[in-house]
Amino acid sequence: MSKLKIGVVGASWFADLWYLPVLQMHPDVTLSAICSRTGESAKRLAEKYNIENVYIDYKEMFEKENLDGVCIVTPNDSHKDITLAAIEKGLHVICEKPMALNAVEAEEMEKAARASSVVHAINFTYREHPGIQKLLELIKDGLIGNIHEAFFEYTGDYGLNGPPGWRGTISTGGIGGVLQDLGSHLIDVAQYILQDEIINVHGSLSFMEDDRLVNVSKKQSKDQAADSVSFTAHFSNLVRASFYTSWVAPQGNKHQTIDIKLYGSKGSIHLLTCELGTSLRYAMKGEEWREISLEGATPLQWDEKPSEEKFRPWRITNRNEVWKWVDHILGRKDRELATFTSGLSVQRVIDEVIVSAEKKINE
């Protein structure tokens, strides 16, 4: 069987971290081409990963290369156009999160993907976290009974020195800012764990200016996206949840934190994961908390050095969403893939949070 020819649009640090190492390692993939706006970053990564062809125009890459699939690792405002161009060429697509700038764009992408025969995916990386997988298993087994309430947090502090590049701009990243960045993962994880969709939200957007968080009506910078977002949500099965995401929350040496608490009719479960490791605990009503051992995860230790491997230990494995996408193209579908349908669902929630926050200010 000949190898799949894969191209990559975008040559950022994240393409280097998450996409290229796994594609290079996959036995059924040939990294054929890479594209970036000026070509400089693409040349550097082409040399590192022995990629033969470099482009500055993705349309030219699609025309000249006989690709089977493409990875889209670009700013949010370009996802729709690149995706539609790829689907028109019959290319399988995996796109970075969030799916698009808004649900209208995401719907167009999802409709085009469904009308074609391409394998489509969104890189919602945290589904394969050992703690998330175990949470899913425990909920299905009914360990703590029916889930009544939940708390979901994903925070970092890389926005404390100002908006983090294009992600912090409305024009390129979207007004939700951190909601599009970290929050998209959080929404997907919540819907994935609970196997249900969010049906309504009430949200608040905050923007860091002069060392204070202000709301939409008070912010001075026209293009600055949200730095901190919180919202409450209801799922169709009546679970009520609180969400909090921020890139201006000091982390010490944890760097990033995912914190999930689930409260059920019989007990509670608490997952905490960061660059110091992972802790998963549960307690039944009136009983002591018990630690759950997680295969493939480093136990949380506060006095150890932080590392990427402790936070995302499945990154260079066959559980990486990029690897799974390739396997689905080849007909190997033993692990569930986060498709454009999931991406659209998350984008709709993001839009509703933003509308809710802006409506609250205008009332």
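Going by accessible area, probe 1.4 Å, with all protein chains left in place, what is the ranking of E65, E321, largest first? Let's see the in-between values first.
Details: E65 25, E321 0 Å².
Sorted by accessible area, descending: E65, E321.
If you count only protein heavy atoms and use a 1.4 Å probe, how large is the accessible surface of M284, to the nearest 10 Å²?
In the full protein context, M284 sits at about 40 Å².
Taking 1 over the mean of 1/r across every pair of different Cα atoms in segment 81-200, what Kirkwood radius in Å do you get?
Numbers: mean 1/r = 0.0607 Å⁻¹.
After inverting the pairwise mean of 1/r, the radius is 16.5 Å.
Projecting each Cα onto the charge dipole of the chain (Lys/Arg +1, Asp/Glu -1 at the beta carbon, about the Cα centre), which of V216, L344, V229 comes out farthest on the positive side?
Of the candidates, L344 comes out farthest on the positive side.
Could you name the lysines in cross-link range of K5, using Cα to Cα under 29 Å and dropping any fewer than eight places away on the same chain?
Partners within reach: K43, K48, K59, K64, K80, K89, K97, K111, K324, K333.
With a 1.4 Å probe and all protein chains kept in place, how much accessible area does T339 have, in Å² rounded to the nearest 10?
Solvent-accessible area, nearest 10 Å²: 40 Å².
Beyond 22 Å, what share of the Cα-Cα pairs of segment 1-135 remains, rounded to the nearest whole percent? Walk me through the intermediate numbers first.
Numbers: 3217 of 9045 pairs.
Counting every Cα pair in segment 1-135, those more than 22 Å apart make up 36 percent.
Any idea which of F152, P130, T245 is furthest toward the positive side of the dipole for segment 128-257, if Lys and Arg beta-carbons carry +1 and Asp and Glu beta-carbons -1?
T245
Can you tell me, using C-alpha contacts under 8 Å and at least 6 residues apart, the relative contact order of segment 206-348 as a whole percent? Each step should come with its number before you reach the end.
Details: 181 pairs, mean separation 16.5, N = 143.
Normalised by residue count, the contact order of segment 206-348 is 12 percent.
Enter the accessible area of K48 (Å², nearest 10), with the probe set to 1.4 Å and all protein chains included.
Accessible area, nearest 10 Å²: 120 Å².
Determine the per residue accessible area of the chain with all protein chains present and a 1.4 angstrom probe, expressed in square angstrom.
Details: 16310 Å² over 363 residues.
Per residue, the chain has an accessible area of 45 Å².
Can you pull the percent of segment 217-343's accessible area that's carbon plus sulfur, 1.4 Å probe, other chains left in place? Don't skip to the end; give the middle numbers.
Working: 2980 of 6310 Å².
Ligands and nucleic acids excluded, carbon and sulfur reach 47 percent.
Which percent, nearest 5, of DSSP beta bridges in the chain are antiparallel?
On the way: 45 of 73 bridges.
Counting only bridges with both partners in the chain, antiparallel ones make up about 60 percent.
The values are calculated or read from the model by the stated rules, or taken from the named source; none is laboratory data. Quick caveat: nothing in here was measured; it's all calculated off a predicted structure. Counting neighbours? That spans all protein chains shown, and the Cβs are built from the backbone with ideal geometry, glycine included. When the accessible area is computed, the model is the full protein with side chains, heavy atoms only, and any ligands, DNA or RNA have been set aside. Shrake-Rupley method; radii C 1.70, N 1.55, O 1.52, S 1.80 Å.
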